[in-house]
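The values are calculated or read from the model by the stated rules, or taken from the named source; none is laboratory data. Just so you know, these numbers come straight off a predicted model, no measurement behind them. All Cβ positions, even for glycine, are placed from backbone atoms using ideal geometry, and neighbour counts span all protein chains on display.
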Amino acid sequence: MSTVRMMTEADVAAVSEIRVTGWQAAYAGIVPRSYLDRMTVEADAHQRRQYFTKPDKSTIDLVAVDAEGAVVGWACLGPSRTDAGELYALYVQPSLIGSGIGRALLQAVHANALTSGFGSVLLWVLTDNTRARRFYERAGYVADGAVQADDYDGVSITEVRYRIAL
């Protein structure tokens, strides 16, 4: 069983470990291996620490912790370019996917979005990331027709936008 709390600066290294291993597990075969292989926990933690300590940070960072207090998941919510909240990231330690941690984080994201005055939440997911798409669809998210593409080492990868009304 995990609990969700606000992320602290002390959680940065654990969150970076989850984010990098999460990318490497979830996006293998979708994002070029060269891009995934260049990702390091140290570089991610350095960048995350710099952002985390900014006084004007507009995001809400949440972590899921296990019974021993170890960080096992991370989610980041903030404003979108529209009037909705946007789920920027949700990652669970790859070996614990399917154990309910993602659902707990998503419920906490929704509660924080409502507290922040957002009536809906949107997110972007890689088109070929069928596992994540199923997860969000089971939670009530619906693809709203918007798509965008990002370049990863010269490969254009499409994302689909999902939305849920809270």
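For Trp74, the stated conditions hold: it is crowded, with 21+ Cβ neighbours inside 10 Å, at pLDDT 95 or above and within 12 Å of the chain's Cα centre (by Cα). Among the residues making up the range 114-137, those that are more than 18 Å from Ala26 (Cα to Cα) and part of a helix (DSSP H, G or I) are Leu114, Thr115. Would you mind stating whether Val15 is closer than 23 Å to Asn112 by Cβ and either not in a helix (DSSP H, G or I) or not small (Gly, Ala, Ser) (or both)? For Val15, the condition - closer than 23 Å to Asn112 by Cβ and either not in a helix (DSSP H, G or I) or not small (Gly, Ala, Ser) (or both) - is met.
Restricted to the range 87-109, and to residues there that are part of a strand (DSSP E or B) and buried (at least 21 other Cβ atoms within 10 Å of the Cβ), the residue that is farthest from the chain's Cα centre (by Cα) is Val92.
Among the residues that make up the range 155-166, is at least one of them in contact (Cβ under 8 Å) with a residue 60 or more places away in the chain, touching a Pro at 6+ places or on another chain (Cβ under 6 Å) and surrounded by fewer than 17 Cβ atoms within 10 Å (Cβ to Cβ)? Within the range 155-166, one or more residues are in contact (Cβ under 8 Å) with a residue 60 or more places away in the chain, touching a Pro at 6+ places or on another chain (Cβ under 6 Å) and surrounded by fewer than 17 Cβ atoms within 10 Å (Cβ to Cβ).
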